[in-house]
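Heads up, the thing below is written out as structure tokens.
The values are calculated or read from the model by the stated rules, or taken from the named source; none is laboratory data. Since we're looking at a predicted model, the values are computed, not measured. Cβ atoms come from the backbone with ideal geometry, glycine included; neighbour counts cover every protein chain shown.
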């Protein structure tokens with residue numbers, strides 16, 4: 001097991017490398033370099049441009065060097081000094097800006113994932129066992145709708161419902177009185193309350209697809225002879241289900257978690273923007289729109305790293321439930 | 001499986017001679033939801049192709065008097081005060097009132113006035129789909145200056161009905177074009193990887209795995225942020241589709257690779273190879289025919305993903321930009337809570353997104369089931 005985990009961890013190193021290259025390429029993508037843009041913007045705003053400082057910055061980010069050298073400077077600064085560069089918009093080091101927000105992104109993504117499993121698993125089992133009943137049809141229809149509705153639309157609809165019928169603001173992750181308060185138990189409870197709606201919205205699509213997968217997997221197993229045998233031995237129906245077919249059906253289910261995680265991170269981007277959650281996503285969007293590229297690049301890098309870690313975790317989980325994978 | 005389970009109306013003789021496509025079609029036809037979806041999708045593409053004919057007004061026509069004009073119901077029976085009635089579709093006119101104190105605008109029905117809807121009204125000559133000269137539309141108002149708003153109006157008083165129809169063209173076509181591009185990439189990469197294997201297979205499998213591992217929307221956002229906003233709308237449209245398909249090809253490549261890998265050692269393929277056929281002939285002449293149906297099924301499942309992606313990007317302001325009209329661009333109007341609290345009908349494009357995506361998903365499911373000769377007959 002340890003050997004498998006080690007191998008799997010080592011495998012993610014080249015992945016991380018490529019992802020960081022992609023993130024840097026995106027930073028580089030807009031025409032011109034940021035300092036020129038920055039200087040132009042300052043001049044347009046009628047402010048003094050400190051050319052000596054610009055020169056230091058140019059030196060610091062190796063802007064006159066070729067792509068790979070710039071990349072190398074950028075990535076070594078990140079790895080060895082935790083320095084992601086500066087945000088030109090906020091005039092602050094990027095690392096100071098992203099810390100809290102990344103943490104909340106992680107909280108949102110993990111709780112969505114847990115929610116997805118907790119909901120999809122029992123519903124999937126129910127809908128397979130009671131195939132072609134009213135309940136199954138109802139779940140299937142809901143599932144298809146959940147897959148087809150873009151989640152920002154769901155967020156908007158819920159916001160509309162909240163404002164018009166409940167008179168409540170469903171946006172944000174904290175109540176105003178806790179927004180700037182230090183961490184406390186009360187603040188934590190407040191955060192949990194506000195998390196519910198974003199978690200449901202972000203989780204809908206992946207929950208829907210996981211239910212379908214679970215249902216299909218279980219249906220493949222449900223009518224096999226070993227299930228009949230178990231039943232013939234006199235096991236209770238619940239035990240028959242849980243002990244044999246569900247365990248087998250769980251396998252492909254767990255392996256889909258790998259892509260469910262990037263999907264959740266992807267989906268939360270838009271929902272977070274609509275609901276103006278204080279996660280990394282709205283700030284990333286702003287940074288992209290104003291071409292504040294070091295800030296945007298740092299977010300893209302961190303989110304990608306996050307989903308690679310998610311993949312890693314799901315692979316390890318898969319190895320835990322399925323011994324065959326460990327020895328492959 | 002007996003012949004009668006496929007279609008009892010067919011004699012077994014006809015079934016024996018039916019081509020692969022006919023068999024798929026027979027099987028597909030029995031999938032009722034998929035059949036309905038097929039008609040829905042055809043209708044959507046029909047509207048998209050002839051959008052100019054279906055939109056009663058110019059979608060870019062602003063009007064200050066009709067800001068946030070609510071949707072009007074069409075009434076078919078026109079009854080006069082003297083009790084007589086006739087079949088004449090019309091809508092009740094609305095009057096704009098401004099609160100003298102708060103200046104808040106509100107619309108109320110204007111009982112005396114009606115706007116009559118006319119079929120095939122004469123208009124100035126326009127070019128449908130860019131090249132067919134036409135001088136009438138499907139529906140229009142009877143008076144030249146009259147307007148009606150079936151889906152309401154937006155913040156500039158533009159007719160949402162016409163705008164949704166105009167958006168259908170871009171939103172539905174971006175799915176097709178995007179999938180077309182990913183199909184080319186996916187077929188080439190997946191095909192070569194599956195057929196020849198070796199180092200190319202290893203590398204491309206890793207690339208696919210990697211692409212599936214990174215969250216797509218941040219990457220899409222990053223790439224489209226690099227497109228200068230001043231760019232020509234048409235060029236932007238193509239760049240966005242390229243960006244969408246840069247990530248969308250992986251799923252198709254995976255399917256193609258899997259099929260090629262499975263089929264590479266089938267007897268008929270080996271026989272063709274031993275006969276000295278060149279790889280291109282083996283691939284296109286011998287393997288392709290049994291792949292095409294699967295590819296079509298995966299394509300129809302890939303289109304909705306593209307549509308959702310474009311909608312999301314445009315919604316965030318990094319996809320298509322006005323003056324281009326797509327469902328995502330229209331939904332961007334509904335982004336802040338103030339405007340939707342005032343005008344719920346701004347959600348209408350979202351309903352069309354859901355219908356289109358739902359129908360495409362059902363269609364793809366039906367096609368996939370129909371194309372698989374080994375699929376178990378359900379029920």
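Only strands (runs of 3 or more DSSP E) whose full extent lies in region B:72-172 are considered here, and the ones with at least 3 residues that are loosely packed, with under 12 Cβ neighbours inside 10 Å are B:74-79, B:85-98, B:105-119, B:122-128, B:132-136.
Taking region A:9-28 as the range and being more than 14 Å from residue B:210 (Cα to Cα) and more than 11 Å from chain B (Cβ to nearest Cβ) as the test, the residues that pass are A:9, A:10. Tallying residues that are part of a helix (DSSP H, G or I) and loosely packed, with under 14 Cβ neighbours inside 10 Å within region A:1-10 yields 6.
Scanning region B:200-211 for residues that are within 12 Å of chain A (Cβ to nearest Cβ), more than 22 Å from residue A:29 (Cα to Cα) and in contact (Cβ under 8 Å) with a residue 24 or more places away in the chain yields a single hit, B:208. Looking at the structure I just gave you, is residue A:47 outside any helix (DSSP H, G or I) and either more than 28 Å from residue A:272 (Cα to Cα) or free of Cβ contacts under 8 Å to residues at least 60 places away in the same chain (or both)? Yes; evaluated as a whole, the condition is true for this residue.
The rows are residues; the columns are (1) more than 9 Å from every other protein chain (Cβ to nearest Cβ); (2) more than 26 Å from residue A:195 (Cα to Cα); (3) part of a helix (DSSP H, G or I).
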| position | (1), (2), (3) |
| --- | --- |
| A:254 | yes, no, yes |
| A:265 | no, no, yes |
| A:270 | no, no, yes |
| A:282 | yes, no, yes |
| A:299 | no, no, yes |
| A:303 | no, no, yes |
| A:313 | yes, no, yes |
| A:316 | yes, yes, yes |
| A:320 | yes, yes, yes |
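With respect to residue A:127, determine if the residue is surrounded by fewer than 18 Cβ atoms within 10 Å (Cβ to Cβ), closer than 26 Å to residue B:359 by Cα and in contact (Cβ under 8 Å) with a residue 12 or more places away in the chain. It is false that residue A:127 is surrounded by fewer than 18 Cβ atoms within 10 Å (Cβ to Cβ), closer than 26 Å to residue B:359 by Cα and in contact (Cβ under 8 Å) with a residue 12 or more places away in the chain. Scan region B:298-351 for residues that are closer than 21 Å to residue B:41 by Cβ and surrounded by fewer than 19 Cβ atoms within 10 Å (Cβ to Cβ) and the total you get is 1.
Among the residues of this structure, residue A:157 does not count as one that is within 23 Å of residue B:315 (Cβ to Cβ), at pLDDT 85 or above and within 11 Å of another protein chain (Cβ to nearest Cβ). Just one of the listed residues (B:248, B:175, B:197) is within 14 Å of chain A (Cβ to nearest Cβ), modelled with pLDDT under 80 and either within 21 Å of the chain's Cα centre (by Cα) or under 23 Å from residue B:295 (Cα atoms) (or both), and it is B:248.
Screening region B:263-379 for helices (runs of 4 or more DSSP H) wholly inside it with 2 or more residues that are more than 30 Å from residue B:233 (Cβ to Cβ) and either within 14 Å of chain A (Cβ to nearest Cβ) or at pLDDT below 80 (or both) returns the ranges B:288-315, B:348-371.
When residue B:219 is tested against (1) over 30 Å from residue A:280 (Cα atoms); (2) in contact (Cβ under 8 Å) with a residue 12 or more places away in the chain; (3) outside any strand (DSSP E or B), exactly one condition is not met: (1).
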